[in-house]
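These notes concern the structure reproduced below.
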Amino acid sequence: MEGDDLVATVTAFTAESILRNYRLFVLPHYDLDQIILAGGGAYNRTLVSMLSRGFDPIPVILSDALEFPAKALEAVIFAVLAHETLAGFAANLPGVTGASRPVRLGAIIPGENFRGLLSR
């Protein structure tokens, strides 16, 4: 398979995977006013077009339109996970992941360069 064909196939597979899971698990239970895209894929015009066609008549918008830059998604997710860890809260979803119980995700371990700051 040539490079362009591979990219086209993976993009179509990604769009269809998202659409299929929304059809199976979200749309039967919720009425949606819009679909908001964030993350790197939100800037893939072909993927956004496929999703827009697949979700029609539900509008598909980029989170940028809500003043939340799509490219900031990963940083925000890690900040939320760090907050939950610092607060001592469980941040996993056992019903989704199959984990046996809720757990705190990660630990904060200061490096050697922070030891002086912690003892002040």
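The values are calculated or read from the model by the stated rules, or taken from the named source; none is laboratory data. No experiment lies behind these values; they were computed from the predicted model shown. Counting neighbours? That spans all protein chains shown, and the Cβs are built from the backbone with ideal geometry, glycine included.
So here's what we get for this one:
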quantity: Failed item, numbered, when residue 105 is tested on (1) at pLDDT 90 or above; (2) outside the structural domain of residue 26 (by TED's automatic domain parsing); calculated: (1)
quantity: Residue in segment 19-31 that is hydroxyl-bearing (Ser, Thr, Tyr), in a loop (DSSP other than H, G, I, E, B) and without any contact (Cβ under 8 Å) to a residue 60 or more places away in the chain present; calculated: yes
quantity: Leading residue by the ranking (surrounded by the most Cβ atoms within 10 Å (Cβ to Cβ)) among those in segment 54-67 that are assigned to a helix (DSSP H, G or I) and of a type in the set (A, V, I, L, M, F, W, C); calculated: 55
quantity: Residue 96, sole failed condition from (1) under 30 Å from residue 109 (Cα atoms); (2) part of a loop (DSSP other than H, G, I, E, B); calculated: (2)
quantity: Matching entry among 51, 73 (being within 27 Å of residue 95 (Cβ to Cβ), at pLDDT below 95, of a type in the set (A, V, I, L, M, F, W, C) and part of a helix (DSSP H, G or I)); calculated: 73
quantity: Every residue from segment 76-93 that is surrounded by 10 or more Cβ atoms within 10 Å (Cβ to Cβ) and either part of a loop (DSSP other than H, G, I, E, B) or touching a residue at least 24 places away in the same chain (Cβ under 8 Å) (or both); calculated: 81, 82, 89, 90, 91, 92, 93
quantity: Qualifying residue in segment 13-30 (condition: touching a Ser or Thr at 6+ places or on another chain (Cβ under 7 Å) and either crowded, with 16+ Cβ neighbours inside 10 Å or not β-branched (Val, Ile, Thr) (or both)); calculated: no
